[in-house]
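The structure appears below as structure tokens.
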Amino acid sequence: MEYTILILLLPVLSFLVLALAGMKMSHRAAGLIGSLSLGAVAVLSYVTAYGYFTLPRLADGTFETLIPYNFVWLPFAAGLHIDMGILLDPISVMMLVVISTVSLMVHIYSFGYMKGEKGFQRYYAFLSLFTFSMLGLVVATNIFQMYVFWELVGVSSYLLIGFYYTKPEAISASKKAFIVTRFADLGFLIGILIYGYYMGTFTFAPAEENLMQGALMLPWALGLMFVGGAGKSAMFPLHIWLPDAMEGPTPVSALIHAATMVVAGVYQVARMFPLYIAYAPETLHIVAYVGAFTAFYAASVACVQSDIKRVLAFSTISQIGFMMVALGVCTGMPSHEGGLGYMASMFHLFTHAMFKALLFLGAGCIIHAVHSNEMSVMGGLRKYMPVTHVTFLIACLAIAGIPPFSGFFSKDEILTACFAFSPVMGYVMTFIAGMTAFYMFRLYYCIFWGHENKELHAGHVPHESPLTMTFPLMVLAAVTCLAGFIPFGHFVTGDGLSYDIHLDGGVAATSCVVAVLAIALATFMYARSEQPVADALARRFPKLHRAAYRRFYMDEAWLFVTKRIIFRCVSAPLAWFDRHVIDGFMNFLAWATRASAEEVQPMQSGRIQAYVIWFLSGIILLTLVLLAV
């Protein structure tokens with residue numbers, strides 16, 4: 001499969017062309033170059049997936065790992081070097097399909113959404129760079145190559161979030177995302193260095209003898225790597241950058257926060273999963289507990305947000321938590337059930353990418369129609385936007401876990417794995433799944449039903465978006481309806497063996513009942529023009545409502561930690577030490593050098609008589625020394 005190198009070359013070539021010559025092109029030409037290159041990448045990814053998954057399995061029943069390209073980039077010592085290449089196995093091939101599909105839909109959608117925007121060519125260049133970075137990350141042959149592309153993803157997201165560089169909120173959001181993830185990535189880098197030192201390699205499969213010698217340090221290395229993954233995937237308490245990242249263009253939100261950047265942490269844990277399960281099961285438990293708390297926290301905040309993009313942002317954080325939990329509950333169980341958690345996590349990553357991208361792109365159509373993100377200026381839009389309404393409803397049903405939509409199948413497998421791990425974990429995650437159904441249908445009713453804002457409509461009647469924007473919605477809605485029937489367990493599993501997905505009747509029935517009850521509650525509270533129950537609850541619990549709306553003051557907590565503790569107690573003393581001690585010492589050296597020079601300056605007067613005196617004095621001094629010796 002040597003042609004897979006084109007999957008990386010096409011987007012980077014598109015980026016170079018658009019970045020260097022984009023301003024000399026028309027908007028249409030720039031958009032076509034970016035979209036056609038991604039179309040070719042998508043076709044190549046589908047061909048790769050078909051060719052890979054139709055290959056004969058090995059004797060042990062697993063798929064062969066292929067490395068079409070690999071070369072030594074930076075040699076350090078015998079056996080320790082950083083390689084660059086392409087690795088194809090079930091999860092990397094699956095991620096190629098996910099990234100290329102969502103990126104292509106975003107490229108097409110942006111033709112309509114970004115029409116007339118200043119910097120249109122720059123926008124498409126950044127999209128190509130981001131796609132290249134994510135594709136390079138998922139096909140990395142070693143952990144250091146993954147880190148290199150991991151950082152490229154961070155740079156690309158910074159550029160895309162801050163696309164509206166004249167808008168202060170966008171600038172602050174891009175810097176916040178970059179700084180928070182950089183701090184987390186420091187843990188990732190330290191973990192990689194520990195891993196390389198003790199394992200003697202940066203590959204994903206160290207030699208058995210190195211594994212035995214470094215077994216005590218491996219949990220620390222993997223735990224530090226997870227810190228980087230937690231930052232990129234917005235796990236609590238490193239989630240604070242993601243809601244603010246909504247300041248970027250809405251298609252960027254669909255690309256970064258639905259299917260690609262935010263699942264990089266999940267992919268990292270999945271890639272290192274054999275080492276976690278064999279040598280660091282306790283670390284994997286931490287992954288599960290962090291994921292569960294993050295899912296609950298984000299769902300709680302999403303229930304009261306008024307900005308539709310921020311509701312979807314916290315929904316993404318919650319769903320990433322589900323994926324982390326599924327990976328984390330794989331320990332302490334028979335191999336069959338352990339493989340279920342891994343497969344369920346990857347299956348939910350796949351299905352969630354499609355319906356969450358659909359939700360974000362649908363939100364973009366809504367914002368395009370009413371020129372606002374706030375639900376208070378929406379309502380009754382189903383009459384004006386039928387395509388957006390139907391596709392958005394499909395996505396809401398999918399994320400709520402209603403059969404036969406794809407989210408039901410993947411989330412049910414996660415809940416089954418959770419119940420196998422612990423009934424407590426199973427019921428907790430089922431409750432959070434019910435919260436998901438509630439806040440998503442709260443969002444749906446406030447947008448498409450409820451009170452219609454006639455004053456807004458008097459100045460601007462909402463209308464359906466153009467075909468360039470609705471076509472991606474219809475494609476993603478079709479995938480959302482059908483993806484649940486893919487025999488995903490035949491392709492991606494924890495142990496590589498084929499697994500037949502089968503629903504657990506009790507778990508499925510419980511999750512469906514909880515989801516239906518949550519939807520019924522949301523219908524009762526928000527489907528009408530007036531919302532007396534919701535208003536009464538807000539008045540009855542004002543402090544709780546305000547705290548949830550303010551994200552339980554996590555941003556304020558981080559500001560306190562950074563400004564009052566780090567800046568005042570650490571940075572300020574260090575700055576004083578730098579100015580008064582380091583700079584003072586360097587200034588003293590400069591003064592001493594200058595003073596010494598001024599003292600010896602008369603010796604270099606240019607007068608021959610003075611030179612003769614110094615010469616004779618030196619001879620006399622040397623003679624006396626020699627005589628004394």
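The values are calculated or read from the model by the stated rules, or taken from the named source; none is laboratory data. Just so it is clear, the structure is predicted and the values come from calculations on it, not from any experiment. Backbone-built Cβ (ideal geometry, glycine too); neighbour counts: all protein chains shown.
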Check: When both residues are 6+ apart or on different chains and their Cβ atoms are under 7 Å apart, which pairs have a first residue that lies in the stretch 174-185 and is within 17 Å of Glu247 (Cα to Cα), and a second that is of a type in the set (Asp, Glu) and crowded, with 21+ Cβ neighbours inside 10 Å?
Finding: Lys176/Asp244
Next item on the list: Scan the stretch 198-249 for residues that are without any contact (Cβ under 8 Å) to a residue 60 or more places away in the chain and in a helix (DSSP H, G or I) and report the count.
Entry: 13
Item checked: Residue pairs meeting the criteria (Cβ under 9 Å; at least 6 apart or on separate chains; first touching a residue at least 60 places away in the same chain (Cβ under 8 Å) and under 15 Å from Phe236 (Cα atoms), in the stretch 552-573; second assigned to a helix (DSSP H, G or I) and aromatic (Phe, Trp, Tyr)) -> Phe552/Tyr297; Met554/Tyr297
Check: Taking the condition out of contact with any Phe, Trp or Tyr (no Cβ under 9 Å at 6 or more places or on another chain), within 23 Å of Thr510 (Cβ to Cβ) and in contact (Cβ under 8 Å) with a residue 60 or more places away in the chain, does Phe322 pass?
Finding: yes
Note to self: Please return the ranges of helices (runs of 4 or more DSSP H) entirely within the stretch 369-485 where 3 or more residues are touching a Cys at 6+ places or on another chain (Cβ under 6 Å).
What the structure shows: 423-448
Note to self: For Phe163, only one of the following conditions fails: (1) out of contact with any Asp or Glu (no Cβ under 8 Å at 6 or more places or on another chain); (2) of a type in the set (A, V, I, L, M, F, W, C); (3) assigned to a helix (DSSP H, G or I). What is its number?
What the structure shows: (3)
Item checked: Residues of the stretch 496-542 satisfying the condition of being surrounded by fewer than 15 Cβ atoms within 10 Å (Cβ to Cβ), among the small types (Gly, Ala, Ser) and within 24 Å of Leu393 (Cβ to Cβ) -> Ala509, Ala520, Ser529
Next item on the list: Looking for whichever is part of a helix (DSSP H, G or I), in contact (Cβ under 8 Å) with a residue 24 or more places away in the chain and either outside the structural domain of Leu189 (by TED's automatic domain parsing) or touching a His at 6+ places or on another chain (Cβ under 8 Å) (or both) here; the options are Ser45, Ser35, Ser128. Which one fits?
Entry: Ser35
Notebook entry, point to check: Only one of (1) crowded, with 20+ Cβ neighbours inside 10 Å; (2) without any contact (Cβ under 8 Å) to a residue 24 or more places away in the chain; (3) of a type in the set (A, V, I, L, M) is not met by Leu476, so which one is it?
Noted result: (2)
Next item on the list: May I ask you to list the residues in the stretch 48-71 that are under 16 Å from Val139 (Cα atoms), of a type in the set (Val, Ile, Thr) and free of Cβ contacts under 8 Å to residues at least 60 places away in the same chain?
Entry: Thr48, Thr65
Checklist line | Residue among Ser596, Ser571, Ser605, Ser617 that is surrounded by 10 or more Cβ atoms within 10 Å (Cβ to Cβ), at pLDDT below 85 and over 30 Å from Tyr439 (Cβ atoms) | finding: Ser605
Check: Can you tell me which of Thr523, Thr593, Thr623, Thr562 is within 27 Å of Ala400 (Cα to Cα) and polar (S, T, N, Q)?
Finding: Thr523
Next item on the list: Would you check which residues across the stretch 386-401 are touching a helix residue (DSSP H, G or I) at 6+ places or on another chain (Cβ under 6 Å) and not small (Gly, Ala, Ser) and list them?
Entry: Val387, Thr388, His389, Thr391, Phe392, Ile394, Cys396, Ile399
Item checked: Residue check for Ser156: among the hydroxyl-bearing types (Ser, Thr, Tyr), surrounded by fewer than 19 Cβ atoms within 10 Å (Cβ to Cβ) and modelled with pLDDT of 90 or more -> no
Margin query: Suppose we keep only residues that are touching a residue at least 24 places away in the same chain (Cβ under 8 Å) and farther than 29 Å from Ser92 by Cβ within the stretch 1-30. Which one would you say is surrounded by the fewest Cβ atoms within 10 Å (Cβ to Cβ)?
Written below: Met23
Margin query: Can you tell me which condition Gly116 does not meet? The list is (1) touching a His at 6+ places or on another chain (Cβ under 9 Å); (2) surrounded by 17 or more Cβ atoms within 10 Å (Cβ to Cβ); (3) within 30 Å of Met474 (Cβ to Cβ), and all the others hold.
Written below: (2)
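One line per residue, one yes/no per condition, for (1) under 20 Å from Ala509 (Cα atoms); (2) among the polar types (S, T, N, Q):
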residue: His371; (1), (2): no, no
residue: Pro386; (1), (2): no, no
residue: Cys396; (1), (2): yes, no
residue: Thr436; (1), (2): yes, yes
residue: Tyr444; (1), (2): no, no
residue: Ser465; (1), (2): no, yes
Next item on the list: Identify the single condition in (1) of a type in the set (Phe, Trp, Tyr); (2) out of contact with any Lys or Arg (no Cβ under 7 Å at 6 or more places or on another chain); (3) within 14 Å of Thr181 (Cβ to Cβ) that Phe236 does not satisfy, given that it satisfies every other one.
Entry: (3)
Next item on the list: Looking only at the stretch 77-92, decide whether some residue is in a helix (DSSP H, G or I), of a type in the set (Ser, Thr, Tyr) and either surrounded by fewer than 16 Cβ atoms within 10 Å (Cβ to Cβ) or modelled with pLDDT of 85 or more (or both).
Entry: yes
Notebook entry, point to check: How about the stretch 182-202: which of its residues are β-branched (Val, Ile, Thr) and modelled with pLDDT under 90?
Noted result: Thr201
Next item on the list: Please state which of the following conditions Gln305 fails to meet, knowing it meets all the rest: (1) assigned to a helix (DSSP H, G or I); (2) more than 19 Å from Ala344 (Cα to Cα).
Entry: (1)
Next item on the list: May I ask you to verify whether Leu381 is farther than 25 Å from Ser103 by Cα and touching a Pro at 6+ places or on another chain (Cβ under 8 Å)?
Entry: yes
